[in-house]
Every structure is written in C-alpha cells, then in structure tokens.
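Novice: My questions all concern the structure below.
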Amino acid sequence: MTADGPRIFLSHLAGVPVFGPGGDPVGRVRDLVATFRADRPPRLVGLVVEVLGHGPVFVPVSRATGLESGQVTLSGPVSMRRFGLRPDERLVLGQLLDRRVRLADSGEQVTVLDVEVHRHPARGQWEAARICAHRDRGGTTRNRGEALAVDWSALSGLPPEETSAASPVGNRPSSGEDTEGEAEQGRTARALMRTEPVVVPPEATVGNALARLGERDLMQALAAQVYVCRPPGEPPTGPYLGTVPVQRLLRSAPDAPVAPLVDTELPPLEPDTPLPAVSCCLTAYDLVAAPVVDDDGALLGAVTVDAVLDHLLPDHWREAEYGMPDSDGAEPGAAGTGADGDPAQPPAAAAPFPSGHPDGRDEGDR
C-alpha cells in the first residue's frame, strides 16, 4: 500500500459540521461506516450524518469533501432514507473504537483507540493504514497501558462482530421489514443517544460552561445542561460526576466553580436501558435529555426527548400531521401529490440535502 495521499484519524471527524453544496448547514457527523473484506484493508465507504429534525442518514464518502480539514461539504445529492448497516459494514466509532482485540503474533490483548486512513492515489478510496491501540495492563480505563500503532493485518478480532446493540443507529433488515427482535435492539438508550453532549471538567467555572454551550449550534435539548466529567472531555469520557442544568448556571456567578452545582441525584441511564424505561426516566425527572453512562462510569452520550418521541409516535406521523417526509424518506400522498391530492410542495428542511439514490448508496461506494 502506497504511503502517498492525505491521512486522517477517524475519531477526529466525530461531531464535525456537515454543509450542503450551497453552504447551508445540514447536520453533524455521527459515525463513519467501513467495510471489512478478506485480505484487503478496511475501507471507509461513508459517513452517518445526523440531520437535525430528521435522524441519521448515509452519505457516501465519494460525495463528502474536506474530510482532512475538519469540515465536511457535500458535493452532490444523497438519499434522506434513515440509515441502516449492511452485513459487511461496521460503525467505526460505535463498534470499533474501544474494542478489545489481540495482536496476531503474540495474542496479547489491546484496545483500539483510533483508525488512521489514507486516500489511495490510484483508486481514490479511503483505506485503513494503521490501527492505534494501547496494551491492556490490568485495567479498563482508556488511558492506561502502552500506546502503539500497528498495521490492520497485525490484529486478530477484526471486523467486530455484527451486533445492533453496539450500534447507535441500528441495522437495516434485509427483508425490508423490521422483526420484533431487531426493533427492540434499536430501542435502547445506546441506540437513541446523541454523542455530542456538552462536557466540562469539575474545575471549570460557570463562565467556562456557558461559553462551551455557546461554542456550537446545539439542539435545544442538548443545550439545556452540561455534563461534568473528568478527562477525556469527549465521549467516552472519564468518570461521569453529574449534570448541571443551564438555569442553575445562569443563576450563579460567572467565576463560581461548577463542581458544587452538580446534580448528583439524577440517575444516569445504562446503555441497554429499554425505550419504556428511558421515557419513564425523562418523565419522572422532568428532563429534556438524560446521560448514558457505561459500566466503567464513562459518559457515552445523552438521550434527548425528541429521539424518544420519534420512536413512541406512530409510523409516518410527520406526513400525517404536518405533510413532512418521515424518517424513511417516504413522501405524503401519491407521487407528485400531497396528502389531499394537491400538488406536493418540497419540504424546506430537505433543501440543503437533496435526495439521490433511493437506497442511499451508489454502487461505486460499495
């Protein structure tokens, strides 16, 4: 494999903004999709983009420019169908990072930290160059042990086993119809959560926390609180300490520390918490977002009330009530007509993200 071509670490793309061909904001990168095939380097085939008010959609990597710059711009139309994995695909952030694998030569266990990819100058494809990992030496914390970078072929245990529970967006059934088991697997806190909550360290001040809230264009539910965690400051974080509502921040002095303001009584959700329990938690504590924390005490993300409602409301509620396209991209009424037979008007929200192939994939990206 040639060393020419730009190189990027895939974890650096988490949460970066995505813009349409005309410069309009579309959403943010939620995950990345890679394929694993025998005797070939893993290949980056697309991005999972969280479109505000719509959900996750697949963007072929061939239609995403600026990956190296930390700002993704679409170069053409893509499908607005809700994303689902295919059998030979895995999510880099949700299923590969923090996975324990073994060195092929020694059998020693290591934990995957990141994936470095490069763009092949001849084929134009993004392929895995090296896997960054650390040796597991008697601990489960991510920053423990010796760091190392190895070729992808030097590891055993890749690709990760296919599992919906580990996927924050779920799988697409091959038959086109959800089975009851698959539907349940896609309705857990891990599947519903967003991975871009506002995180501050315990030594931060109120002014620091409010400044962090103003740094990004956040949906209202995520901007209603900050999560206090020890480093690292991005999910998965260090130990989760608690939540501070934004109203409590606004009532405090800017130079006051956030640590005494933490609400320690709010119980975090476990990743496998089912949808009914998630909705009960939001209702019982009058929350618009709830933290999701793993067994090691790390904050993984936050489940927002809009994500819960989207799963609790009946199918096709958007077009039935508002004439909007639903999460699988279906249009209200017959082709070319509205719900009442009138000429359909294209939804404004979809304008910066034009529809493309109905399945969301191009043959050349497979």
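The values are calculated or read from the model by the stated rules, or taken from the named source; none is laboratory data. No experiment lies behind these values; they were computed from the predicted model shown. Don't worry about glycine lacking a Cβ; one is built from the backbone with ideal geometry, like all the others, and counts go over all protein chains shown. Note: accessible area is taken over every heavy atom of the protein model, side chains too, but ligands, DNA and RNA are not part of it. Shrake-Rupley method; radii C 1.70, N 1.55, O 1.52, S 1.80 Å.
Novice: Is there any pair linking a residue in region 78-90 that is more than 16 Å from A64 (Cβ to Cβ) and of a type in the set (D, E, K, R) to one that is modelled with pLDDT under 80 and in a strand (DSSP E or B), with Cβ under 9 Å and at least six apart or on different chains, and which?
Specialist: R82/G55; R86/N171
Novice: Ok, one more. Against the definition (modelled with pLDDT of 50 or more and either in a loop (DSSP other than H, G, I, E, B) or open to solvent by 50 Å² or more (accessible area, probe 1.4 Å) (or both)), how does E177 come out, yes or no?
Specialist: Criteria not met by E177.
Novice: Run down A133, A189, A128 and say which single residue is in contact with a Phe, Trp or Tyr (Cβ under 6 Å, 6 or more places away or on another chain), modelled with pLDDT of 85 or more and not β-branched (V, I, T).
Specialist: Just one listed residue meets the conditions, A128.
Novice: State yes or no: is V112 buried (at least 17 other Cβ atoms within 10 Å of the Cβ), farther than 26 Å from L222 by Cα, of a type in the set (V, I, T) and at pLDDT below 85?
Specialist: Answer is no for this residue.
Novice: Now for a different question. Would you confirm whether any residue within region 4-12 is part of a loop (DSSP other than H, G, I, E, B), within 26 Å of A154 (Cα to Cα), open to solvent by 10 Å² or more (accessible area, probe 1.4 Å) and among the basic types (K, R)?
Specialist: Within region 4-12, none of the residues are part of a loop (DSSP other than H, G, I, E, B), within 26 Å of A154 (Cα to Cα), open to solvent by 10 Å² or more (accessible area, probe 1.4 Å) and among the basic types (K, R).
Novice: For the structure I just gave you, tell me whether R212 is open to solvent by 40 Å² or more (accessible area, probe 1.4 Å), modelled with pLDDT under 95 and touching a Phe, Trp or Tyr at 6+ places or on another chain (Cβ under 9 Å).
Specialist: no
Novice: In this structure, is T237 modelled with pLDDT under 75 and at negative phi?
Specialist: No: the conditions fail for T237.
Novice: Kindly list the number of the only condition in (1) open to solvent by 50 Å² or more (accessible area, probe 1.4 Å); (2) under 19 Å from Q220 (Cα atoms); (3) touching a helix residue (DSSP H, G or I) at 6+ places or on another chain (Cβ under 7 Å) that fails for E270.
Specialist: (2)
Novice: Only helices (runs of 4 or more DSSP H) wholly contained in region 180-291 count here; list those with 1 or more residues that are more than 16 Å from the chain's Cα centre (by Cα) and free of Cβ contacts under 8 Å to residues at least 24 places away in the same chain.
Specialist: 180-185, 206-215, 246-250, 275-284
Novice: Would you please list the contacts, defined by Cβ atoms under 7 Å and residues six or more apart or on different chains, that run from a residue in region 26-40 that is within 12 Å of S153 (Cα to Cα) to a residue that is in a strand (DSSP E or B) and not aliphatic (A, V, I, L, M)?
Specialist: Matching pairs, first to second residue: F36/R90.
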